[in-house]
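**Student:** Structure below; questions to follow.
Every number in this text was worked out from the coordinates using simple rules, so none of it is lab data. Because the structure is predicted, anything quoted here is derived from the model rather than measured. With ideal geometry, Cβ positions are generated from the backbone for all residues, glycine too; neighbour counts draw on all protein chains shown.
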Amino acid sequence: MKFIDEARIEVAAGKGGNGAVSFRREKFIPLGGPDGGDGGRGGSVWAVADRNINTLVEYRYTRHFKARNGEGGRGSDCYGKGADDITLRVPVGTVIHDEDTGELIADLAQDGQRALLAKGGKGGLGNLHFKSSTNRAPRQSTPGEPGESRNLQLELRVLADIGLLGMPNAGKSTFIRAVSAARPKVADYPFTTLHPNLGVVRVDTDRSFVIADIPGLIEGAAEGHGLGHQFLRHLARTRLLLHLVDLAPFDPDTDPVHEARAIVEELRKYDEELYRKPRWLVLNKLDLIPEAERQGRIDAFVEAYQWQGPVYAIAAISGSNCQPLIFAIMDALDELKRTEEPGEPAGEAAE
């Protein structure tokens, strides 16, 4: 199924039914009085988060959703029938905004969570409500209220504990394949990953976390280069970012330090809050560096990058040194969950 993480739709609730003007007409009962019933309410439009749905593709092609109107009232004190509500099922993690005002309508982060998108109109009052001691035969009634209508923007933000950040071909997809059962595409050309991939990393029988791999960033993403910032929203819910750096690029003119700084700058341009998330440095592709040179290459990078936070060096393609990193991530997540406090950045490169 094609991965769609953004959609725009129009929703319209139903109009309430009109109240009725009617009078009793029964044999041997003169001046029977008013008996016009109320109109039924219009149907509302709801959204509900469903963990069995993974994409917004359904809303890319069907964009208009309208609930039915309520029935009008009738004589003999008959009230109009209310219209049924309609429910739009969306993936867990969907954020809904009003496209015209920018208002946040709902953030559906839990399975089964519901949100009202457009409220149906109330039914009108029939003339039986207007009877009084001075008005025995009222001919007044009220029309049903119109239902709400909105233009909405749906955004899917995947739910993950860990987010992978890095240049194209830094080895993010290889890493997620090495530590989880996820099988994203891996190839020797840039932008192999075209949409987010999730993998569950199981550390023990009752200890696990979810890791998200998004398409790589490049310098100038804020100006639309590469895939731009299109997928960075999927890192918004993560607790910890792993910044993967290719320590042995194929192009000898490529400077890993410059690329690492460029990625962090693009992160800062996109969202200051995301930039301040805890971030660890993961130096990848040690298998391409002679063993005698590895530690020197690692030390030189950290010194040039002026990094003060946690550093891990791995070879994702073989899984070398991945286990210590996984255990450290699990311990860090357990600590973050215990404190339930916003984390501070684990370390930042000097500007």
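**Student:** What do you get for Rg/Rh over the range 6-156 if you use C-alpha atoms and the Kirkwood form of Rh? Before the final figure, lay out each step's value.
**Tutor:** Values: Rg = 20.5 Å, Rh = 17.0 Å.
A ratio of 1.21.
**Student:** Report the far tail of the P(r) of the range 237-330, meaning the percent of Cα-Cα pairs longer than 17 Å. Don't skip to the end; give the middle numbers.
**Tutor:** On the way: 2279 of 4371 pairs.
So the pairs more than 17 Å apart make up 52 percent of the total in the range 237-330.
**Student:** Share of antiparallel DSSP beta bridges in the chain, in percent to the nearest 5?
**Tutor:** DSSP beta bridges in the chain are roughly 55 percent antiparallel.
**Student:** How much net charge surrounds G75 when only other residues with a Cβ under 11 Å from its Cβ are counted (Lys, Arg +1; Asp, Glu -1)? Numbers along the way, then the final one.
**Tutor:** On the way: positive: R24, R25, R74; negative: D35, D77.
Charge balance near G75 sits at +1.
**Student:** Determine, for the chain, the count of lysine pairs separated by eight or more sequence positions (or lying on different chains) whose alpha-carbon distance falls under 26 Å.
**Tutor:** Lysine pairs, 8 or more places apart or on different chains, close enough: 25.
**Student:** What's the exposure ranking of M330, M167, going from fewest to most Cβ atoms within 10 Å?
**Tutor:** With the sparsest Cβ surroundings first, the list reads M330, M167.
**Student:** Using a 10 angstrom Cβ neighbour count of at most 15 plus a DSSP loop assignment to flag exposed chymotrypsin sites (Phe, Trp or Tyr not before Pro), which longest range of the chain is free of such sites?
**Tutor:** 29-190
**Student:** Over the range 37-104, what portion of Cα pair distances is larger than 20 Å, expressed as a whole percent?
**Tutor:** 47
**Student:** Roughly how compact is the chain, stated as its Cα Rg over 2.2 N^0.38 Å to two decimals?
**Tutor:** Values: Rg = 29.5 Å, N = 351, 2.2 N^0.38 = 20.4 Å.
Rg over 2.2 N^0.38 Å, computed on Cα atoms: 1.44.
**Student:** For the chain, what does -39500 (n - 2.57) per DSSP helix run (n ≥ 4), summed and divided by total residues, give at 222 nm, in deg cm²/dmol to the nearest 500?
**Tutor:** For the chain, the value works out to -5500 deg cm²/dmol.
**Student:** Based on DSSP, what percent of beta bridges with both residues in the range 6-156 are antiparallel, to the nearest 5?
**Tutor:** 70
**Student:** So how long is each side of the range 18-70 along the principal axes, counting just the alpha-carbon atoms, biggest first, in Å?
**Tutor:** 66, 21, 13
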